[in-house]
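Since the structure comes first, as structure tokens, the remarks are kept for the end.
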Amino acid sequence: MNYEPVIGFETHVELASRSKVFSSTRAEFGGQPNEYVNPVCLGLPGTLPVLNRVSMEMSLKAALAMQCEIPEVTLFDRKHYYYPDLPKNYQISQEYQPLARHGRLNIVMPDGTEKTIGIHNIHLEEDAGKLIHEKRGGKWISLVDLNRAGTSLLEIVSEPDLRSREEAEIFMQTMRGLLRYLGVSDCKMQEGSLRFELNISMRPAGTTEYGTKVEVKNVGSIKAVLRALDYEMERQTEILEEGGRVIQETRLWDDDKGETRPMRVKEGAKDYRYFPEPDLPPVRLERDYIDRLRAELPELRDAKRKRYVEQYGLPEYDAGVLAADKHVADYFDECCQAHNAPKAFSNWIMTYLLAELKDEDSDINDLPVKPAHLAELVKLIDDKTINQNLAKKVFKEMMESGKTPGAIVKEQGLEVVSDAGAIEKFVDEVIAENPGPAEEYAGGKDKALNFLLGQVMRKSRGQADPGAVQEILNRKLRS
Amino acid sequence: MVEPYQLTAWEAADLLARKELSSRELTESVLQRIERTEPVIHAYQTVLRDSALAAADAIDESRAHGEAPSRYAGVPLALKDNMCMQGSPTTCSSRMLESFVPPYDATVVQKCMAAGLIPVGKTNMDEFAMGSSTENSAFGRTMNPWDLDRVPGGSSGGSTAAVSADETILSLGSDTGGSIRQPAAFCSVTGLKPTYGRVSRYGLVAFASSLDQIGPITKDVRDAALLLQIISGVDSMDSTSVNAPVPDYPAALTGEIKGLRIGVPKEYFPAGLNAEIRGSVEKAVQLLKEQGAEVVELSLPKTDYAIATYYLICTAEASSNLARYEGVVYGRRGASQDNILEMYMSTRSEGFGPEVKRRIMLGTYVLSAGFFEAYYRRAQKVRTLFRQEFEQAFKQVDVIMCPATPSPPFKAGEKTDDPLEMYLSDVFTAPLNMAGLPGLVVPGGFSASGLPIGVQFIGPVFGEEKILNAGYAYQQLTDHHRQKPPLVVPS
């Protein structure tokens, strides 16, 4: 029997708001342990939460970009569980009236087909701190770092609408791309600012009933999610094929061993005792405000993709690649503003710049080659100061030194030699040094041209314009 | 001769303004009184002698330059020990927070200090404000100055006893189900619970967030009005504080009550009500009627559900608010620390007293899966009904008058073994917290055996001016609030 996976994601996003979600403490990655804390995010007796408007606005933007329904009033609730990284031993979250429901995210498959993935709800909550376990004086101790405690965490719960590994991969990339487009998160998976929690069940292909789902946590990158997904698909299929039953549970991904294993806590034993947070009054979401936020949404991926095809005449594929990431698209747009050569920029970006990005957290903006530099390089090609071959050399140097192409060309004297006198001198030398091939070419053998051309280029250290060289050879030998 | 510690704040303010009294003299007088009286009363958890005297000197200095921060600058104030004051222990009368020194000031503390009031100490209370007798303090009970064998009420019993025994000029308490008003009645002092949201809760250690409210405990209504003036107002640190204009409360005290419509709800005068309390309240109503007030018979039938509903909501919120005490970041950490669960259990077993544990267990049960809808959600719906019933009533009347407590102060130990009986102490006060309404309790006389009796005025939302003025008019006609307990203290 064939089995198909039914996949959904809980996407956890650390918002880029500068202060925490319910206190004025700085929200920042890193820092000395417990550097970014104040009485409120430490949960000291007597302190009260106050909602960070920026966090709410970022959340609403994400919700609107996913075409969610936004209620007129959204509420916060307390979710209770004991853990040392959770200072109040309850997390302020949204259980009963989240800020958004019933949205969708469109994904585009490599063959161009589109698929709509449902968004069940989006809610805003506070993140926990972290524990560090260390051996000191031969004894294991646990240390608590509350820098992250209270930072804004957006949880986007998708419907289980994904049906393959490929769809899952494209969903994650699309989600990440969208969030970066909105500027609501830096989406660095290694720093934990973007985390995907996987829900997966298997069922016989062609059936409509859902199987028993398993949640997989602790997955640190898109690659790891896909590995965990492969592992779970195989594990669950095996169980089903042997006539067994999959247990509903939460499993942890072990990246070193490449396997999932059940979490110790029994699912049934959990009772979060949710109740409405009495310290935070209902948040009224005025329609005017929501409409304004909707109108202010930036040009998103699909719109950009269309524009690149229509305005610049780029192939669909190129447009899709460039538009997928906000920073890449911004980079491309900036190049096009500086110099009108969209196809050339598209080629450079896709062939050379994207190849320099090592992993999914790398950012085109961190590369030493800036849009203005790339624009200058293409301009130098277009006005024939350098040719394609030289341009590649210059680009390599730009990547290494971060210098502008103009400076590199000047420093290394790399301009194309189109001065007829200089080229003529090289041609004369080559004819004198290679009388045989010269005679052959003069006698009508076209094959000899490449050899002669190569010799002249070598003498000019690649800087001669090949068109000009051929013209002079013809004049000297064939006229 | 009147000793400075016997003054009200407004009397002291006059003397301070005329430079007939310095803040140093006033503060020293109060501190001496505390020193002499505390062995008998035990109203205080902490006395802030050094910082109080330093603050008093600073106020005298600024007043000498004509720069006193307010008319009441230099007047001593006692804070209930659940209000955070930077650098001073804030214990909530619990072993759990015995060592807790807050690194920040509660908003009310900030406001009082900005007005130049002098915090002279932190007062004893029922642990985490849970109780009606101050017997639940982990550090010993407070005596009722009118009868040392009796309780001062609670949970703000330390604050009311301190005011009653002249161990401070002004005091702040907190009221979740009657914790300002019931002990005010028991100690024969004036106590006001403001409208929910009138005063910031930031820095008040939470018991039940949707019910807690800070309010003045004073020697008369005039002082309550001026202290309310100082502590009121919206606060960016408390999202439940309300952005409504703060009226000039002392200016509202005209004493004019002609035409004032006073509602008397029959459910607050049940058949079994203590006869002397019934008599005192009826007499108070009659007195105001003679001054031109109009008396309207009312019915508030939902009152019967008050205690049941109140204890569902307050225990649920308490179980959540007190979850944070587990010894990780601050406060007590239990002796057993072999693993995290052991640490949690020993911390909470050792740190909390029996009443707090009882309420945490009740509240945990109320919020647990399967019971939440039946208990908490339904209690919230009943709460809406309470609010509506009062709203209807206030279409007919300006203020409501009723008893503050079903009985006069009871003996220490009398109800400690019967929590339900203790819970019934809140029957006339808790409905206001559920509806968010302001309530004022003033001394209403004494029983035949000399025990204090309180009279309660209930106002509509943000109706503090109305009840303060009604209470003021009553105090113009009576001298119960000027009676002092016959306290014998070592000199």
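Tally time: how many residues in the stretch B:402-423 are within 25 Å of B:VAL442 (Cβ to Cβ) and in contact with a helix residue (DSSP H, G or I) (Cβ under 8 Å, 6 or more places away or on another chain)?
10
With respect to B:GLU421, is the statement that it is without any contact (Cβ under 8 Å) to a residue 40 or more places away in the chain and away from every other protein chain (no Cβ under 12 Å) true?
yes
Among the residues of the stretch B:340-370, which ones are surrounded by fewer than 13 Cβ atoms within 10 Å (Cβ to Cβ) and either more than 10 Å from chain A (Cβ to nearest Cβ) or over 22 Å from A:ASP85 (Cα atoms) (or both)?
Residues satisfying the conditions are B:SER349, B:PRO354, B:MET361, B:ALA369, B:GLY370.
Of the residues B:ASP126, B:ASP57, which single one is over 19 Å from B:TRP10 (Cα atoms), surrounded by 24 or more Cβ atoms within 10 Å (Cβ to Cβ) and either over 18 Å from the mean Cα position of the chain (by Cα) or of a type in the set (Asp, Glu) (or both)?
Going through B:ASP126, B:ASP57 in turn, the sole match is B:ASP126.
What is the residue count in the stretch A:30-54 for residues that are touching a strand residue (DSSP E or B) at 6+ places or on another chain (Cβ under 6 Å), away from chain B (no Cβ under 12 Å) and not aromatic (Phe, Trp, Tyr)?
So the answer is 1.
Restricted to the stretch B:300-328, and to residues that are crowded, with 18+ Cβ neighbours inside 10 Å and over 26 Å from A:GLY46 (Cα atoms), which residue is nearest to the other protein chains (Cβ to nearest Cβ)?
Per the criteria, the residue is B:ALA306.
Is one or more of the residues making up the stretch A:40-63 surrounded by fewer than 22 Cβ atoms within 10 Å (Cβ to Cβ) and among the hydroxyl-bearing types (Ser, Thr, Tyr)?
Scanning the stretch A:40-63 turns up no residue that is surrounded by fewer than 22 Cβ atoms within 10 Å (Cβ to Cβ) and among the hydroxyl-bearing types (Ser, Thr, Tyr).
Restricting the stretch A:78-134 to residues that are surrounded by 15 or more Cβ atoms within 10 Å (Cβ to Cβ) and acidic (Asp, Glu), which is nearest to the other protein chains (Cβ to nearest Cβ)?
Filtering the stretch A:78-134 for residues that are surrounded by 15 or more Cβ atoms within 10 Å (Cβ to Cβ) and acidic (Asp, Glu), the one nearest to the other protein chains (Cβ to nearest Cβ) comes out as A:ASP85.
Can you tell me how many residues within the stretch B:236-261 are touching a helix residue (DSSP H, G or I) at 6+ places or on another chain (Cβ under 9 Å), among the polar types (S, T, N, Q) and surrounded by fewer than 16 Cβ atoms within 10 Å (Cβ to Cβ)?
So the answer is 1.
Where in the stretch A:105-193 are the strands (runs of 3 or more DSSP E), entirely inside, with at least 2 residues that are touching a residue at least 60 places away in the same chain (Cβ under 8 Å)?
Result: A:114-126, A:139-145, A:152-158.
Out of (1) loosely packed, with under 15 Cβ neighbours inside 10 Å; (2) away from chain A (no Cβ under 14 Å), the odd one out for B:PHE428 is which?
(1)
B:GLY331 versus (1) in a loop (DSSP other than H, G, I, E, B); (2) in contact (Cβ under 8 Å) with a residue 60 or more places away in the chain; (3) away from chain A (no Cβ under 14 Å); (4) of a type in the set (Gly, Ala, Ser): which is the lone unmet condition?
Failed condition: (3).
Within the stretch B:90-110, identify whether any single residue is in contact with a Lys or Arg (Cβ under 6 Å, 6 or more places away or on another chain) and surrounded by 20 or more Cβ atoms within 10 Å (Cβ to Cβ), and answer yes or no.
yes
Which of the residues belonging to the stretch A:380-402 are buried (at least 17 other Cβ atoms within 10 Å of the Cβ) and outside any helix (DSSP H, G or I)?
Matches in the stretch A:380-402: A:THR385, A:ILE386, A:ASN387.
Those residues that are touching a Pro at 6+ places or on another chain (Cβ under 9 Å) and exposed (fewer than 13 other Cβ atoms within 10 Å of the Cβ), I need them from the stretch A:200-250; list them, please.
Those that are touching a Pro at 6+ places or on another chain (Cβ under 9 Å) and exposed (fewer than 13 other Cβ atoms within 10 Å of the Cβ): A:TYR210, A:ILE247.
Which residue, of B:VAL285, B:VAL281, is aliphatic (A, V, I, L, M) and in contact with a Pro (Cβ under 8 Å, 6 or more places away or on another chain)?
That would be B:VAL281, the only listed residue that is aliphatic (A, V, I, L, M) and in contact with a Pro (Cβ under 8 Å, 6 or more places away or on another chain).
Would you point out which residue out of A:THR250, A:THR237 is over 16 Å from A:LEU198 (Cα atoms), of a type in the set (Ser, Thr, Tyr), in contact with a strand residue (DSSP E or B) (Cβ under 6 Å, 6 or more places away or on another chain) and away from chain B (no Cβ under 14 Å)?
One residue alone meets the criteria, A:THR237.
In the stretch A:313-323, is there at least one residue being within 14 Å of chain B (Cβ to nearest Cβ), in contact with a Ser or Thr (Cβ under 9 Å, 6 or more places away or on another chain) and not polar (S, T, N, Q)?
no
A:VAL6 is checked against (1) surrounded by 17 or more Cβ atoms within 10 Å (Cβ to Cβ); (2) in contact (Cβ under 8 Å) with a residue 40 or more places away in the chain; (3) more than 29 Å from the chain's Cα centre (by Cα) and fails just one. What number does that condition carry?
Result: A:VAL6 fails condition (3) only.
So which residues in the stretch B:210-237 are under 22 Å from B:ALA430 (Cβ atoms), within 14 Å of chain A (Cβ to nearest Cβ) and part of a strand (DSSP E or B), if there are any at all?
B:GLN213, B:ILE214
Taking helices (runs of 4 or more DSSP H) that fall entirely within the stretch B:9-125, which contain at least 3 residues that are in contact with an Asp or Glu (Cβ under 8 Å, 6 or more places away or on another chain) and closer than 25 Å to B:VAL189 by Cα?
Because the criterion is at least 3 residues that are in contact with an Asp or Glu (Cβ under 8 Å, 6 or more places away or on another chain) and closer than 25 Å to B:VAL189 by Cα, the helices (runs of 4 or more DSSP H) in the stretch B:9-125 that meet it are B:23-41.
Does the stretch A:226-244 include one or more residues that are of a type in the set (A, V, I, L, M, F, W, C), in the same structural domain as A:LYS20 (by TED's automatic domain parsing) and free of Cβ contacts under 8 Å to residues at least 60 places away in the same chain?
Yes.
A quick yes/no check of all residues on (1) buried (at least 21 other Cβ atoms within 10 Å of the Cβ); (2) more than 21 Å from A:ARG180 (Cα to Cα):
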position: A:GLU334; (1), (2): no, no
position: A:HIS339; (1), (2): no, yes
position: A:LYS343; (1), (2): no, yes
position: A:ILE349; (1), (2): yes, no
position: A:TYR352; (1), (2): no, yes
position: A:LEU357; (1), (2): no, no
position: A:ASN365; (1), (2): no, no
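With among the aliphatic types (A, V, I, L, M), in contact (Cβ under 8 Å) with a residue 60 or more places away in the chain, surrounded by fewer than 24 Cβ atoms within 10 Å (Cβ to Cβ) and in contact with a Leu (Cβ under 6 Å, 6 or more places away or on another chain) as the only criterion, which of B:ALA448, B:ALA412, B:ALA393, B:ALA473 stands out?
B:ALA393
Tell me, please, whether a residue that is in contact with a strand residue (DSSP E or B) (Cβ under 7 Å, 6 or more places away or on another chain), buried (at least 24 other Cβ atoms within 10 Å of the Cβ) and within 14 Å of another protein chain (Cβ to nearest Cβ) can be found in the stretch B:60-79.
Yes: the stretch B:60-79 contains one or more residues that are in contact with a strand residue (DSSP E or B) (Cβ under 7 Å, 6 or more places away or on another chain), buried (at least 24 other Cβ atoms within 10 Å of the Cβ) and within 14 Å of another protein chain (Cβ to nearest Cβ).
How many of the residues in the stretch B:95-107 are facing chain A (nearest Cβ under 10 Å) and closer than 18 Å to B:SER156 by Cα?
Qualifying residue count for the region: 2.
The values are calculated or read from the model by the stated rules, or taken from the named source; none is laboratory data. For clarity, every value in this text was computed on a predicted model and none was experimentally measured. Methodologically, a virtual Cβ is constructed for each residue, glycine included, from the backbone with ideal geometry; neighbour enumeration extends over all protein chains shown.
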